[in-house]
Amino acid sequence: MPWMYAVSALCLFVCLPFFMHYKRILRYHLAASFKALGTLCAASMALTAALRLDQYCWICFGALLLHSAADYLMEFNMYLGAGFFLAGHICYICFFTHLFPVSGLHLIALLCLLGIVVFLLWRWRRLVGKQLPFFAIYAVVLSITAACAIAGLSAHTLQGQMIALGGALFFLSDAMILGRTLFTATHAVDWVIMITYYAAQLLIAASCLV
């Protein structure tokens, strides 16, 4: 437990502020490095679980490694970064469905999330423009990932609850990123997005240790 708290504190109180600081002063490579390091903090918990507790946590660890690479790449190339995020989401889907076999709750959660996605993309279709297919594909995979995570509520365990909350926060974070991409946003919005994103990754990774 102390390890979980220490790693989470390192992510949220060291990596996050340094990322935001260096990005604000246009030191993009340093900013991207700290951003990726924050996700690697979460990955260290999944690695510990994979080595000591459950070999299936290697899948979660792989997802976090891919997301860490995506964090860095997104600062320079949105499409390449999104590709790594998609690969990480697929790993998460495999991990979540191993823990929580597909059920009716998966379908209900997926339909709700897809409904939100369709509403947002339709409402902002003019601003999205020619990027609509790209955003749509990513949004569908994200929705499947989040639905598989939210279905963890059916397990009635602390692990399931942590993963469900993490999946919901991940979806929320990416929805806010879409809004920030299309509209002018304040610096405070960037903080909210990153706190939500890191909280999601930390919750999912920490669930491997409970």
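Below, the figures for the structure above:
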| item | result |
| --- | --- |
| About the Cα centre, charge dipole magnitude for the chain (Lys/Arg +1, Asp/Glu -1 at Cβ), debye | 520 debye |
| Of 118, 167, 10, farthest towards positive along the dipole that unit charges on Lys, Arg, Asp, Glu beta carbons give the chain | 118 |
| Along the chain, longest interval not containing exposed chymotrypsin sites (Phe, Trp or Tyr not before Pro), exposed being DSSP loop plus at most 13 other Cβ atoms within 10 Å | 77-182 |
| Surface accessible to a 1.4 Å probe, per residue, for the residues of segment 119-197, Å² | 52 Å² |
| Relative contact order %, the chain, counting alpha carbon pairs below 8 Å whose residues are six or more apart | 21 percent |
| Distance histogram in 5 Å bins (all Cα pairs of segment 1-70, percent per bin) | 4, 19, 23, 21, 16, 9, 5, 2, 0 |
| Residue-averaged [θ]222 nm for the chain, counting only DSSP H segments that reach four residues, each worth -39500 (n - 2.57) | -27500 deg cm²/dmol |
| Residue-by-residue Karplus 3J(HN,Hα) for segment 126-141, coefficients 6.51, -1.76, 1.60, Hz, glycine and proline x | 5, 6, 5, x, 6, 7, 3, x, 4, 5, 5, 4, 4, 5, 5, 5 |
| Whole-angstrom gap from segment 160-183 to segment 100-137, using each part's C-alpha centre | 12 Å |
| Residues of segment 173-210 with amide N under 15 Å of the 7 Å Cα→Cβ point at residue 54 | 203-210 |
| Integer Hz, Karplus 6.51/-1.76/1.60 couplings in order for segment 52-68, x for Gly and Pro | 10, 10, 8, 5, 5, 5, 4, 5, 5, 4, x, 4, 5, 5, 5, 5, 5 |
| Contour minus Cα-Cα distance for residue 191 and residue 116 (0.36 nm per residue) | 24.7 nm |
| With every protein chain in place, the chain: carbon and sulfur % of accessible area (1.4 Å) | 73 percent |
| Alpha-carbon Debye profile of segment 66-172, log10 I(q)/I(0) at 0.14 Å⁻¹ | -0.58 |
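The values are calculated or read from the model by the stated rules, or taken from the named source; none is laboratory data. What you see is a predicted model; the values in this text were computed from it and never measured. Positions of Cβ are backbone-derived with ideal geometry, glycine not excepted, and every protein chain shown enters the neighbour counts. Quick note on the areas: whole protein, heavy atoms, side chains included, nothing else; ligands and nucleic acids left out. Shrake-Rupley method; radii C 1.70, N 1.55, O 1.52, S 1.80 Å.
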